[in-house]
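Trainee: Sharing a structure here in structure tokens format.
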Amino acid sequence: MSAEVTKRMHTLTHITLVNWYLFTDVTIPADEGCILIRGFNGVGKSSLADAIQVVLAGADETKKNLTLNAASSNDGKTGRSIRSYCLGIVSDTDGEDYVPTRESSNTYIALAFKRPNGTEYSIGIHLYCRKSESGVVQKHRFTVEGAPLTSTDFMEGEYTVLPWKDMEHRLANTINGKASFFRTAQDFRMKYCELMSYEVADHQISPDMMLQAFKNGISFKEQKSIDEFTRDYILPRRNIDVMRIENDYEEYAKIEKLITGAKEKLESLYAIIKHYKRYQLKSQQKIAFDWSVKEADKGKCNSEIEAAQELIEALSKGIEQNEQKLALLETKLPKLEKARDSSKSAFDNSEPKKLLDQIENQLSVLTIEDKQFVKQGNKLKEDISALCSGKFSFPSELDPSLSQAFDQGNQVLMPLDNCSQDDLLSPWFLEEKTPSILSAFLRLKESVKNSIEQGFDEAKQYHESLQSEFTELTEAYKKASEGKATLRDTTKHMIMLLKDSNIEAIPVCELATITDTEWQKGIEHFLGSNRESLVIQADKFEAALKVYRAAKDAIPKLRQVKLVNPDKNIWPNVEPDERTAANLIQSNHPVAKRYLQGLLFKVFLVDTESELREAKRAITKDGMVAGNGAIGGGNRVDFVLIGKDARRQDALRIQERASELAPKLQSASNRQNAIKSFKVEYEQTTMRIQDLWDEISCSLDEFRKRRIKINALKVRQKEIEESSDDTLKAQFKDAEKELKELREEQRELELGIQRDKTIKEQKEESLQTLNEQFTIISNEQHAVENSPWYEAQLASDIYESLVDEHGSEIEALIAAQKNAKNADNAANKAKGEGKELLVEYCTRYEPVDKKELLAMDELSQLARCQAYADRIQNIDIVIHEDEAKTAREKMLENFRAEVVAKLKESFQEIDYTFDVLNSQLSGLTFNDNTYYFKHPVTRIESLKEIHDYITDTSDLSEHDIGGLFDEDKDSPAIESIQNLLLDNRLHEISDYRNFYTYDIIEKNSRSGEARSVSKLLSTGSGGEKQTPFYVALGASFMSAYRIKRIGNHIHGGAALAVFDEAFSKMDGNNAQSALAFFRDIGLQVILVAPPEIDLKSGRFADKIYNVLRDGNRIYLDSKSYTSEGKDLLDSDNPYLHSEIMNDYIAQVREDIGIE
């Protein structure tokens, strides 16, 4: 501060701590402009800053008011508390033991101040807690007007701290001053702010603003946004109470919801009414079309009656005429029959006729026998053609090499297949080549049969092998899924034999597991059949050997089975090498474990071929085995046996194998069946050929003789017919023809009469039916007319329009039926949709008459819904809208009174605050720069509109504020405010600070260049970026403490600022400039920092306290720099002496060779 500046303010004179952290009782002089408290991390320097903060917060530990150890806090969570400070709890950062705590503590913290007129006052806190009472701290707050308290005031003698009751009595009665006591932190803050304020009305310090500014200073860290910093650090958090408006809105919203609900209900009812009215209309149309159908049906029926009557009359006349003709024919019949009989008798008694009858009888017998023989030949020809036509093509499933005999046999038969079987005079089997061809074929068929049999046997064997493998896999899968082992038949047989002798035998695979599944395959390939070796109790082993010895001689295959000797070790009884397979064997059965580990002893686990070659005994994961000087694939392993879990896992592999085998098995089955089918059919066909040819060849001579005899009889028959008397024969034929024609005419007349009579009877019955049908249709039409939906005029009009449109009753009938169906479908659809909507309505709104309403018929439901709709439209909605209007007016009225006026007042306060701050800052420089605040209106359109409207005094004055929402107002702000109200977003304007953005303009006092801090933050250096925040922080203190600077005079009350490591990341020049700035605006600064702060800011500190700690004791060592010391510090400051840096740069250039 310049020498000419005078300051008239309160000063903090000393700080008193009793039983605070590791301080027993100390009074720290603080009557300086700037005090530096320095010390290494963990010594307790921050406890001094926290002590001041606890007093000013009134010991209110809420996060809003108190953040202890702020320099090391993590989102407000520091691990420090008032209780931990009182009990002296600390964990040494150097790793020493946990410092003992006080069992209980009476703690006092007091701050003493002095006014410019020399009067003094103190404010303080008493705290009491016990180690045994977790979280409980008793708090007492006091102020003393007229007395600066020190540590001796809180002590009784040299070592005894006064309890609160005694101290309260001392303060009230013996201390030279007026003491006041406060129950709440808020009351306490109000009082001490009154004491700390300057003795002028507009200098009164606000408790909340002061505490917030102090807390901001003590927890100040590097900042990134000047807008947020200004909002939070300078402008008080004072949200406008919008609760009442929100309550009004809730009431208004409830009514609007009722209106919406009523309209939705009305909409639902209108939808129901619409469907039911459509149902009513379509039902009337449907009935009208039904009536038209009956009317058209009656017309059609009447036309059919008239046509039937005309047909019956015509049939009656026809029958009468035909009966007269028939009577005339019957008179001619006897004469014609007599003439025919006379001519026939003369012809039958002639000698040629008798001979011809005898020949005809003989020919009939011989022809039948001949046809039977030819039929046998045709059957034989059909089988030959079947073989030659490709029907019996050799199956592709057979080996092509087996088809040679089959193809040769077919080639032999081919000449016979070309013969015609329809030539009855010269049958194919009479040809000379036939016997030799068939004999050759029958000789070859045995070779073909053998070839087919061979192929069938091979297919059958292949299918049976696959079926056996598939069955084995299926059974193995089932067992593996259950965790059971698939053992060889010999192993199972031996187990059963031993069981019959009451000896339990367990395969070793059931008693062990392999701990690493990656090596399962390799180990089991190595062990092979040894996996099924049987483990038997030692006391029954000899008996088992006897059974085994007898069994292996009787059944040689049982020699494959092995019995584990329980008394013998294969290898030394030592722990297996970790690199060997033996190490992977796990078993709770000692014999099984010893046996398997012995087999795998010194069998190393290897991964590469080179390792496999070098090892004497080794295995790989994929089952390669090295042993006895050779390398191989190990024993065959079909299924995993060792370990229940491993067997279950192997079930998936078995299932995959079975799945892969299934299509092969099906293919083999199809192949076997195809060959079998061909084999059976071929054998049956060739057998028939042989049997038929045997029959035919034996009867060929007899067939030839019969053919000769038939030909001879036919020749004789022709001779007799040619030599007989033709006159008698012709007379008989003419008489027979005339009689036949008369009888045919008679038959036709009889049939015609019968037909006409039948038709007449049918038509008479049909006429009766039509008359009955006409009556029924008339009755049905009367029933339609009785329907509640029947409208006579509508029905008549529809019928006439249909007849006019379609031109005939039949076409009108068809159209009416179609239209009736369409109308009925439309009516049913409308009724269904209406009913569905009514049910939905009743379910959603639960009307009181729900049960009655749903039970009504549709017309009654329509009337009831119409009544509901009328009531809602004309009564309910009208009432709700009136209530909504009243609620809205109330809401808007309260908004005008509660929000608008306060917003305008807050806007004016913002303008005033920044006007005052800019006025105060105008005479201050920071690193040759001056600063002033800008607060333009926000760019958020809705908030900007509201701000402009409220601050427009021509449109909104104190007297005119009630008309903000009048209908004739024309401003976009009205819509924005209403949207906020109606959308329940009023909280957006409850914080008056949201209406502005905040920035600081930095102006260089030498160049006159000005730039905004918000832009500086994106481009400047680290020091440049943080400097404006210290200016803003200082401004927040000026605002909070109500400091006034008029020319070179500073007025105000107490103005205390504590910074905990705030300058750690600033360079020395900026740190010194910041302290100088704070001093120039009248702040009394306490700076808490690590030791290196001396180099940056030591010369600006009026007093320096070094904090030292030894175990559970803290010491304060004070010092002050003399003028000579400050000069010495300045002499090494490159910011003050640029030649220092120039000499250093020159030296560096020389060292690295830069000219």
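Trainee: Can you say whether Lys215 is outside any loop (DSSP other than H, G, I, E, B), in contact (Cβ under 8 Å) with a residue 12 or more places away in the chain and among the basic types (Lys, Arg), as far as the supplied structure shows?
Mentor: yes
Trainee: Surrounded by 12 or more Cβ atoms within 10 Å (Cβ to Cβ), in the same structural domain as Trp291 (by TED's automatic domain parsing) and assigned to a helix (DSSP H, G or I): does that describe Asn825?
Mentor: Yes.
Trainee: Give the residues of the stretch 911-931 that are surrounded by fewer than 19 Cβ atoms within 10 Å (Cβ to Cβ) and within 14 Å of Ile234 (Cα to Cα), sorted by residue number.
Mentor: Those that are surrounded by fewer than 19 Cβ atoms within 10 Å (Cβ to Cβ) and within 14 Å of Ile234 (Cα to Cα): Asp911, Tyr912, Thr913, Asp915, Val916, Asn918.
Trainee: Only one of Ile720, Ile696 is modelled with pLDDT under 85, within 30 Å of Asp341 (Cβ to Cβ), surrounded by 14 or more Cβ atoms within 10 Å (Cβ to Cβ) and among the β-branched types (Val, Ile, Thr). Can you tell me which?
Mentor: After ruling out the rest, the residue left standing is Ile720.
Trainee: Name the residues in the stretch 1112-1136 that are at pLDDT below 80, outside any helix (DSSP H, G or I) and loosely packed, with under 13 Cβ neighbours inside 10 Å, would you?
Mentor: Asp1132
Trainee: Restricting to the stretch 1053-1101, and then to whatever is over 58 Å from the mean Cα position of the chain (by Cα) and either on the phi > 0 side of the Ramachandran plot or assigned to a strand (DSSP E or B) (or both), can you tell me which residue is surrounded by the fewest Cβ atoms within 10 Å (Cβ to Cβ)?
Mentor: Leu1056
Trainee: Restricting the first residue to the stretch 1001-1029 and requiring it to be more than 20 Å from Asn918 (Cα to Cα), which pairs with a second residue that is assigned to a loop (DSSP other than H, G, I, E, B) and modelled with pLDDT under 85 meet a Cβ separation below 8 Å and a spacing of at least six or different chains?
Mentor: Leu1017/Lys224; Leu1017/Ser225; Gly1022/Lys1065; Gly1023/Met1066; Gly1023/Asp1067
Trainee: Just the residues that are surrounded by fewer than 13 Cβ atoms within 10 Å (Cβ to Cβ) and either at pLDDT below 70 or more than 17 Å from Thr686 (Cβ to Cβ) (or both), please, taken from the stretch 421-446.
Mentor: Those that are surrounded by fewer than 13 Cβ atoms within 10 Å (Cβ to Cβ) and either at pLDDT below 70 or more than 17 Å from Thr686 (Cβ to Cβ) (or both): Asp422, Asp423, Leu424, Leu425, Ser426, Glu432, Lys433, Ser436.
Trainee: Out of all the residues in the stretch 231-246, is one or more in contact with a Phe, Trp or Tyr (Cβ under 7 Å, 6 or more places away or on another chain), crowded, with 19+ Cβ neighbours inside 10 Å, in the same structural domain as Ala795 (by TED's automatic domain parsing) and among the aliphatic types (A, V, I, L, M)?
Mentor: no
Trainee: Please verify whether the stretch 228-250 includes one or more residues that are out of contact with any strand residue (DSSP E or B) (no Cβ under 6 Å at 6 or more places or on another chain) and within 21 Å of Leu111 (Cα to Cα).
Mentor: So far as the stretch 228-250 goes, no, none of its residues is out of contact with any strand residue (DSSP E or B) (no Cβ under 6 Å at 6 or more places or on another chain) and within 21 Å of Leu111 (Cα to Cα).
Trainee: Right, here's the next one. Quick one: in the stretch 536-576, of everything that is hydrophobic (A, V, I, L, M, F, W, C) and loosely packed, with under 12 Cβ neighbours inside 10 Å, which residue is nearest to Leu497 (Cα to Cα)?
Mentor: The extreme case among them is Ala554.
Trainee: Mind listing whichever residues of the stretch 322-335 are more than 14 Å from Leu739 (Cβ to Cβ) and loosely packed, with under 12 Cβ neighbours inside 10 Å?
Mentor: If the condition is that a residue be more than 14 Å from Leu739 (Cβ to Cβ) and loosely packed, with under 12 Cβ neighbours inside 10 Å, then Gln324, Ala327, Leu328, Thr331 are the ones that fit.
Trainee: Residue by residue through the stretch 126-172, note down the ones that are assigned to a strand (DSSP E or B) and out of contact with any helix residue (DSSP H, G or I) (no Cβ under 9 Å at 6 or more places or on another chain).
Mentor: Arg130, Met155, Thr160
Trainee: Restricting to the stretch 509-531, name every residue that is among the acidic types (Asp, Glu) and more than 11 Å from Leu605 (Cβ to Cβ).
Mentor: Scanning the stretch 509-531 gives Glu510, Glu524.
Trainee: Please find, among Lys317, Lys338, the residue that is basic (Lys, Arg), within 25 Å of Gln762 (Cα to Cα) and surrounded by fewer than 13 Cβ atoms within 10 Å (Cβ to Cβ).
Mentor: Lys317
Trainee: Pairs please, first residue from the stretch 729-753 and modelled with pLDDT under 90, second anywhere and hydroxyl-bearing (Ser, Thr, Tyr), Cβ atoms under 8 Å, 6+ apart in sequence or on different chains.
Mentor: As it stands, the answer is Gln731/Ser343; Phe732/Ser343; Asp734/Ser343; Ala735/Ser342; Ala735/Ser343; Glu736/Ser343, since those pairs meet every condition given.
Yes/no per residue for (1) part of a loop (DSSP other than H, G, I, E, B); (2) within 60 Å of the chain's Cα centre (by Cα); (3) at pLDDT 75 or above:
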residue	(1), (2), (3)
Gln358	no, no, yes
Ile368	no, no, yes
Asn378	no, no, yes
Lys381	no, no, yes
Ser385	no, no, yes
Ser396	yes, yes, no
Cys419	yes, no, no
Ala459	no, yes, yes
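Trainee: I need the full set of residues from the stretch 566-599 which are within 48 Å of the chain's Cα centre (by Cα), assigned to a strand (DSSP E or B) and over 15 Å from Ser533 (Cβ atoms), in order please.
Mentor: Matches in the stretch 566-599: Gln586 only.
Trainee: Please find, within the stretch 920-941, the residue that is farthest from the chain's Cα centre (by Cα) out of those that are in contact (Cβ under 8 Å) with a residue 40 or more places away in the chain and part of a helix (DSSP H, G or I).
Mentor: So, considering only residues that are in contact (Cβ under 8 Å) with a residue 40 or more places away in the chain and part of a helix (DSSP H, G or I), the one farthest from the chain's Cα centre (by Cα) is Gln920.
Trainee: Something else about it: Mind counting the residues in the stretch 187-198 that are in contact (Cβ under 8 Å) with a residue 24 or more places away in the chain and either hydroxyl-bearing (Ser, Thr, Tyr) or under 12 Å from Ala1054 (Cβ atoms) (or both)?
Mentor: Of the residues in the stretch 187-198, 5 are in contact (Cβ under 8 Å) with a residue 24 or more places away in the chain and either hydroxyl-bearing (Ser, Thr, Tyr) or under 12 Å from Ala1054 (Cβ atoms) (or both).
Trainee: Separate question: Going through the stretch 217-268 one residue at a time, which ones are small (Gly, Ala, Ser) and within 30 Å of Asp915 (Cα to Cα)?
Mentor: Gly217, Ser219, Ser225
Trainee: Here's another thing I want to ask about it. Hey, Arg755 hits all of (1) more than 30 Å from Lys354 (Cα to Cα); (2) outside the structural domain of Leu329 (by TED's automatic domain parsing); (3) among the basic types (Lys, Arg) but one; which does it fall short on?
Mentor: The failed condition is (2).
Trainee: Is it true that some residue in the stretch 758-766 is part of a helix (DSSP H, G or I) and either under 60 Å from the mean Cα position of the chain (by Cα) or exposed (fewer than 12 other Cβ atoms within 10 Å of the Cβ) (or both)?
Mentor: yes
Trainee: Of everything in the stretch 317-356, what is more than 24 Å from Glu719 (Cα to Cα), in contact with an Asp or Glu (Cβ under 7 Å, 6 or more places away or on another chain) and modelled with pLDDT under 80? Give them in sequence order.
Mentor: Selection gives Arg340 alone.
Trainee: Further, regarding this structure: Specify which of the listed residues (Glu469, Glu475, Glu542, Glu510) is under 30 Å from Thr620 (Cα atoms), part of a helix (DSSP H, G or I), outside the structural domain of Gln655 (by TED's automatic domain parsing) and not aromatic (Phe, Trp, Tyr).
Mentor: Glu510
Trainee: Looking at the structure I just gave you, is Ala1071 under 23 Å from Asp928 (Cα atoms), at pLDDT 75 or above and of a type in the set (Gly, Ala, Ser)?
Mentor: yes
Trainee: If you don't mind, another one. Which number in (1) surrounded by fewer than 18 Cβ atoms within 10 Å (Cβ to Cβ); (2) within 51 Å of the chain's Cα centre (by Cα); (3) not aromatic (Phe, Trp, Tyr) marks the one condition that Lys616 misses?
Mentor: The number of the failed condition is (2).
The values are calculated or read from the model by the stated rules, or taken from the named source; none is laboratory data. These numbers come from a predicted model, not from an experiment. Backbone-built Cβ (ideal geometry, glycine too); neighbour counts: all protein chains shown.
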